[in-house]
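S.K.: Sending over a structure as structure tokens; questions will come in a sec.
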Amino acid sequence: MWCEAVRWREHGELGARRFETAARARRTASLALSNRKEFTTPHNGAINSLQSGGTYSLAHRMDQPLYSMCRMQPNTKPGSLPSTGAFCLWTSSMKMATSSWYRWPYGILWTLGCS
Amino acid sequence: MSVWNYVVTAHKPTSVTHSCVGNFTGPNQLNLIVAKCTRIEIHLLTPQGLQPMIDVPIYGRIATLELFRPHNETQDFLFIATERYKFCVLQWDGEKSELLTRAMGDVSDRIGRPTDNGQIGIIDPDCRLIGLHLYDGLFKVIPFDNKGQLKEAFNIRLEELQVLDIKFLYGCVKPTIVVLYQDNKDARHVKTYEVALKDKDFVEGPWSQNNLDNGAGLLIPVPAPLGGVIIIGEETIVYCNANSTFRAIPIKQSIIRAYGRVDPDGSRYLLGDNAGILHLLVLTHERERVTGLKIEYLGETSIASSISYLDNGVVYVGSRFGDSQLVKLNLQADPNGSYVEVLERYVNLGPIVDFCVVDLDRQGQGQVVTCSGAFKDGSLRVVRNGIGINEQASVELQGIKGLWSLKSSFNDPYDMYLVVSFISETRFLAMNMEDELEETEIEGFDAQTQTLFCQNAINDLLIQVTANSVRLVSCTSRELVDQWNAPEGFSVNVASANASQVLLATGGGHLVYLEIKDSKLVEVKHIQLEHEISCVDLNPIGENPQYSSLAAVGMWTDISVRILSLPDLELIRKENLGGEIVPRSVLLCTLEGVSYLLCALGDGHLFSFLLNASTGELTDRKKVSLGTQPISLRTFSSKGTTHVFASSDRPTVIYSSNKKLLYSNVNLKEVNHMCPFNTAAIPDSLAIAKEGELSIGTIDDIQKLHIRTIPLNEQARRICHQEQSRTLAFCSFKHNQTSIEESETHFVRLLDHQTFEFLSIYQLDQYEHGCSIISCSFSDDNNVYYCVGTAYVLPEENEPSKGRILVFAVEDGRLQLIVEKETKGAVYSLNAFNGKLLAAINQKIQLYKWMLREDGSHELQSECGHHGHILALYTQTRGDFIVVGDLMKSISLLVYKHEESAIEELARDYNANWMSAVEMLDDEIYIGAENNYNIFTVRKNSDAATDEERGRLEVVGEYHLGEFVNRLRHGSLVMRLPDSEMGQIPTVIFGTINGVIGIIASLPHEQYVFLEKLQSTLVKFIKGVGNLSHEQWRSFHNDKKTSEARNFLDGDLIESFLDLSRNKMEEVAKGMGVPVEELSKRVEELTRLH
């Protein structure tokens, strides 16, 4: 329970390191692993999820907190970019790959394939 | 505020984490040593109680504090290990009265998972080795050699991963440990291991015990010949040993956190639980064999985190959740059935979970009102810089030129007369039989002229000094007994007297010394100095309180202070003060057994010197600024201790603590004159002359920060001040424990912001927790409201899915619920924002507007929101900008776009900081505190060239504070003076778990650079205790990186410059290339920040 853990932490009943460990364990346990693509996702994000706000999330090492890796803003202005889905997905994939390589040298757990 | 920040402690940590008892400072001296996270205090147990000996900072968070005695040593040594894996062994140098470092080192490992349950450090009772459990699965051994020196450390693999406690057993041929651990099914067990030093490995120990109480968490080793170990659980206490002895006793469910051994043979122990109950555990035994366990209730104390049995039934109870205590265990119970008598109480502000800053007088000086303590020891603490005067009576009187108190006879314990001097007359006030002050006459005194000095004298006489004469008056008849007249043309300018001596300074530099002999004034000596005399003092500082062998004289023209011997008036010492400002007051005084000469100048500066009472030698010259106007110095007594009152435009009390002079301002604007006025009706009171007023009152305890405690017997969690209604409101909760279950009741309480009287209460629903509270107003509504954010914490939920926002108005001193709004999660934070209400609800930021309904009532209506956080715990706002402190994802910056009614993210810090507090220093720079006791600053890059750069908050400052910060708030503890440079420096106050109140001040770059150089220089002169490194201590450190501290200065280190000896000060100043006086002034000005 986040609410109580934060409270115990703030008066020293729960040590800082134990708080982190418990929080990471809870985050890991709450991950929903799936190969199915989704357009919306809960805040503690499933793998392979795509939020409508354009933020991706990726889980790799289970003991590490989740990061927001990159930001893809939906193209809402007509004529500024090609509006084909294929191009958009390709661009997203390329950015994702670059970010993955840069941030996690252990390899890519997930890739975004074209449907 | 700026990038360059100065971090300083206003209130030291007070939460006790460790304590131990032993013969540290001498073979026959019993010491209590207390650790308060980053500080250690060493006390000496005397018949008068605990006497403080030393109080020093440690460059690290103390994880282990143990006293041990190697073979053939007569005194104990102190082992300290820090959380960042540094250790040292300290011993006491009796000749120099200081700590020596016997050994030091680093026991960190490159690999290994730091243990979650807290580091363990233990020492074999026979001093063969030190054992450390720092990483899961590893037990580090530091062996001793035959001479008690430490040898090279090594690791032993430990199979148990979830270790709860480890202790060495007594009386074992080989070093043997007992390990309390939890298996992967959450069952708890103990097993023993022998440490094979040669093989550097464990050997299976003599016994083990499986399936203990599920709440077992503490081991107590029992000395030989009983031996064995006591295992403390939540419902059972077990004793077992190598002889298969197993004894168990059920206890009422409780969590015992602390113990102290009473007897050297280990037959009795004191146990303290999380409800503050003190029990005595007795091991009944026959023929060196334990036959049973017995537990007895002793009474209630603060919730103990450490218990140290001292001697003769006196026990020190150290606490992290309430005040620490010195208690006496009586043989007979009191009417309440308690055997515990509290002898002494030591203030503990920790844990500070929230605070607000209340500026009642709107002078820029805030009172900090903290939510302190936990569980039944919860309280509010009002922390105020400076000493308060509790005015009892006052009368309007203009033009007071002097004040003195007189007793009706020399040996009376109380004062009776108050002599009030004016420019051309003197009035006398006296306490009548009804304890009222009324005007009276002392016939032998000259009431038609200004009095320069008054004093009780021996032989039941009174002394009055005027410009023309010195008069002796009988206490009984109040008639003139003798008189000395000033020679024609040489009127008395300044004078001083004590019980038997009078020193007069007349025009032309004449100094006249009189003594009282057989009720007669006898002129003993008369000399002429080369310059006019500006001030004199004859206060006795030697063994004879009625006769002084030294006189202090301040001079015009050559700006000097001189020490003259009495009765000859021979010059012993001349001290040139320098500059052009004349000394206006001198005082000889003894504080805490140390003699000083204090010399106050006309510009508000004060010189202090150590004075050798036998020789008159002056040493250790120091200079501080107390104000801008001439100062008048006077001694007074409070609670049996002598202090000095400095009357000026910024009245100050000068006092001694641990043989060190300290200065604390008095919370009065200006005091012209002061004298002690100790009456039976109002003991230890003072008479104070202000502009146009004479008042009499008592003085608060003499300390830098004055702390008032408002006990709650429940835990306050969030607090807020509302100036308009003159109230404070806070969220609190109380534990309710019955034999069946444990529950909590949560409240919103309202109290008066001056008297702290409880005015109103609102009880939240079952399972509803108060999480946040603010005072705010809304657009198009002139009222001011309290808004409370809550969460429904249901046992079956993993996360709160429901909460409320409650809007209260204060009407006739009562909380009136105006609006409630249900939320889909816990409301962790609330802010007033653009006439609306901003709420952090679980992972979302939600903005509500205050809407007027057709029926005239209001409601909160959701306008827009922003998500993308793990858990938005802390928010601060400034203009249209919002800073969010996330549980895991550091700081992000959001902006509210009015036209679009949208909240968007502008930038974020991509480090994975686990936040505990955030604040906006200004529009561009934000500060955060995180889980690993670091603070850091980030800056918005509005002018960056690319979107990516603009979307990243740049980290511009990093610093290891060593304290867990729960709250950062703008504010100041000290009065902001417009004529002071320090008054222009913006400050943020922070509060921590260990009770620290600190200040972060943003400095101009030039000043920062200067002080950074000073800090670098000081590091060379001031070595940390145990030779621990300051640079390593202050480096930013978490699991992922360690980096040098940058753009933060350690104010505690810098201000310790003022504690150096004069010689060392000069060396530091030489290294800085500035005069020592200038350097002292600049550092002293910094102390005015807190």
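S.K.: Averaged across the residues of B:989-1001, what count of C-beta atoms belonging to other chains lies within 10 Å of each residue's C-beta?
M.R.: Mean number of neighbouring Cβ atoms from other chains: 1.
S.K.: Over the range B:389-699, what is the mean sequence separation of C-alpha contacts under 8 Å (at least six apart), divided by residue count, expressed as relative contact order in percent?
M.R.: So the answer I get is 13 percent.
S.K.: I've got another one for you. Out of the GluC sites (Glu not before Pro) in the range B:15-75, which ones are loop residues according to DSSP with at most 15 other C-beta atoms within 10 Å?
M.R.: Passing both the DSSP loop test and the Cβ count: B:Glu73.
S.K.: What is the gain in length, in nm to one decimal, between B:Thr698 and B:Glu396 on full extension, counting 0.36 nm per residue of separation less the C-alpha to C-alpha distance?
M.R.: Full extension from B:Thr698 to B:Glu396 adds 106.9 nm.
S.K.: With labels modelled as points extended 7 Å from the Cα through the Cβ direction, what inter-label distance (nm, one decimal) is found for B:Glu235 paired with B:Arg157?
M.R.: A separation of 3.7 nm, rounded to one decimal place.
S.K.: Shape verdict for the range B:17-106, please, from the Cα gyration tensor: rounded (a/c under 1.5), prolate (a/b greater than b/c) or oblate.
M.R.: oblate
S.K.: Can you give the FRET efficiency for B:Asp765 and B:Glu1044, using 1/(1 + (r/R0)^6), R0 = 51 Å, r = Cβ-Cβ distance, to the nearest 0.05?
M.R.: In this case the efficiency is close to 0.55.
S.K.: While we're looking at this one, here's another question. Using only the heavy atoms of the protein chains and a 1.4 Å probe, how would B:Trp207, B:Trp556 rank by accessible area, largest first?
M.R.: B:Trp556, B:Trp207
S.K.: Estimate the FRET efficiency between B:Gln448 and B:Arg268 by the formula 1/(1 + (r/R0)^6), using the beta-carbon distance for r and 60 Å for R0, to the nearest 0.05.
M.R.: With R0 = 60 Å, the Cβ-Cβ based efficiency is 0.20.
S.K.: Given all pairs of different Cα atoms, what value in angstroms does the Kirkwood hydrodynamic radius of chain B take?
M.R.: 32.7
S.K.: I'd like to check one number: the per residue accessible area of the protein assembly as shown, probe 1.4 Å, reported in Å² as a whole number.
M.R.: 42
S.K.: A follow-up question, please. Work out the length of the dipole vector of chain B about its Cα centre, built from +1 on the beta-carbon of each Lys and Arg and -1 on the beta-carbon of each Asp and Glu, and round it to the nearest 20 debye.
M.R.: Computed about the Cα centre, the dipole is about 2540 debye.
S.K.: While we're here: Answer rounded, prolate or oblate for the range B:215-347, using the Cα gyration tensor with square roots of eigenvalues a ≥ b ≥ c: rounded when a/c is under 1.5, else prolate when a/b is larger than b/c, else oblate.
M.R.: On the way: a/c = 1.90, a/b = 1.60, b/c = 1.19.
Verdict is prolate for the range B:215-347.
S.K.: Can you tell me the relative contact order of chain B? Whole percent, Cα pairs under 8 Å, sequence separation 6 or more. Before the final figure, lay out each step's value.
M.R.: Details: 3061 pairs, mean separation 96.6, N = 1090.
Relative contact order comes out at 9 percent.
S.K.: I want the local charge near B:Phe1048. Using Cβ-Cβ distances under 13 Å, sum +1 for each Lys or Arg and -1 for each Asp or Glu among the other residues.
M.R.: -4
S.K.: Also, quick follow-up: Using only protein heavy atoms and a 1.4 Å probe, how much accessible area in total is buried between B and A, to the nearest 100 Å²?
M.R.: Chains B and A together bury approximately 3500 Å².
S.K.: Can I ask one more? Could you calculate the contour length gain from B:Leu662 to B:Glu822, that is, 0.36 nm times the residue separation minus the distance between their Cα atoms, to one decimal place in nm?
M.R.: Numbers: separation 160, 0.36 × 160 = 57.60 nm, distance 5.28 nm.
This chain segment gains 52.3 nm when fully extended.
S.K.: May I ask you to compute the full-extension gain from B:Asn834 to B:Ile255, defined as 0.36 nm times their residue separation minus their alpha-carbon distance, rounded to one decimal in nm?
M.R.: Taking B:Asn834 through B:Ile255 to full extension adds about 203.7 nm, to one decimal.
S.K.: Compare each residue of the range B:836-883 in its chain alone against the assembly with all protein chains, and report those whose accessible area goes down by 50 Å² or more; 1.4 Å probe, heavy atoms.
M.R.: Buried by 50 Å² or more upon assembly, which counts only protein chains, are B:Ile870.
S.K.: Take the cross-link list B:Lys86/B:Lys1013; B:Lys185/B:Lys824; B:Lys660/B:Lys1013; B:Lys940/B:Lys1081; B:Lys96/B:Lys200 and give me the ones stretching past 31 Å between alpha-carbons.
M.R.: Working: B:Lys86/B:Lys1013 26 Å; B:Lys185/B:Lys824 35 Å; B:Lys660/B:Lys1013 26 Å; B:Lys940/B:Lys1081 35 Å; B:Lys96/B:Lys200 40 Å.
Exceeds cut-off: B:Lys185/B:Lys824; B:Lys940/B:Lys1081; B:Lys96/B:Lys200.
S.K.: If Lys and Arg each add +1 and Asp and Glu each add -1, what is the summed charge of the other residues whose beta carbon sits under 12 Å from the beta carbon of A:Glu13? Walk me through the numbers before you get to the answer.
M.R.: Numbers: positive: A:Arg7, A:Arg9, A:Arg18, B:Arg257, B:Arg320; negative: A:Glu4, A:Glu10.
Value of the local net charge: +3.
S.K.: What does the charge count near B:Pro413 come to, summing +1 for each Lys or Arg and -1 for each Asp or Glu among other residues with Cβ under 14 Å from its Cβ?
M.R.: -2
S.K.: How far is the Cα center of the range B:279-306 from the Cα center of the range B:63-82, in Å?
M.R.: Rounded to whole Å, the Cα centres lie 26 Å apart.
S.K.: State the percentage of accessible surface on the protein assembly as shown attributable to carbon and sulfur atoms; use a 1.4 Å probe and exclude ligands, DNA and RNA. Don't jump to the answer; show the numbers that get you there.
M.R.: Values: 23340 of 50740 Å².
Ligands and nucleic acids excluded, carbon and sulfur give 46 percent.
S.K.: Kindly list the residues of the range B:1008-1044 that lie in the label zone of B:Asp93, defined by a backbone N under 14 Å from the point 7 Å along the Cα-to-C-beta vector.
M.R.: Taking a point 7 Å out along Cα→Cβ of B:Asp93, the residues of the range B:1008-1044 whose backbone N falls under 14 Å are B:1022-1027.
S.K.: Which FRET efficiency value, to the nearest 0.05, is calculated for B:Asn783 and B:Gln29 with the Förster distance at 51 angstrom and r the Cβ-Cβ distance? Before the final figure, lay out each step's value.
M.R.: Numbers: r = 64 Å, r/R0 = 1.25.
Result of the calculation: an efficiency of 0.20.
S.K.: Along Cα→Cβ, 7 Å out, is where each label goes; now give me the distance between the ones at B:Glu575 and B:Val1019 in nm to one decimal.
M.R.: Here the modelled spin labels are 3.5 nm apart.
S.K.: If you don't mind, another one. Taking 7 Å along the Cα-to-C-beta vector as the label spot, tell me the B:Asp880-B:Asp359 distance in nanometres, rounded to one decimal.
M.R.: It is 2.8 nm.
S.K.: Something else about it: From other protein chains only, count the Cβ atoms within 10 Å of every residue's Cβ in A:14-22, then give the mean.
M.R.: 5
S.K.: Please say if the protein assembly as shown is rounded, prolate or oblate, where rounded means a/c under 1.5 for a ≥ b ≥ c the square roots of the C-alpha gyration tensor eigenvalues, and otherwise the choice is prolate for a/b larger than b/c and oblate otherwise?
M.R.: prolate
S.K.: Could you report the accessible area of B:Arg289 in Å², rounded to 10, computed with a 1.4 Å probe on the protein chains as they sit in the structure?
M.R.: So the heavy atoms of B:Arg289 present about 120 Å² to solvent.
The values are calculated or read from the model by the stated rules, or taken from the named source; none is laboratory data. As the structure is a computational prediction, the values presented were derived from the model and not from experiment. Virtual Cβ from ideal backbone geometry, glycine too; neighbours counted across all protein chains shown. What goes into the accessible areas is simple: the full protein's heavy atoms, side chains included, and nothing from ligands, DNA or RNA. Shrake-Rupley method; radii C 1.70, N 1.55, O 1.52, S 1.80 Å.
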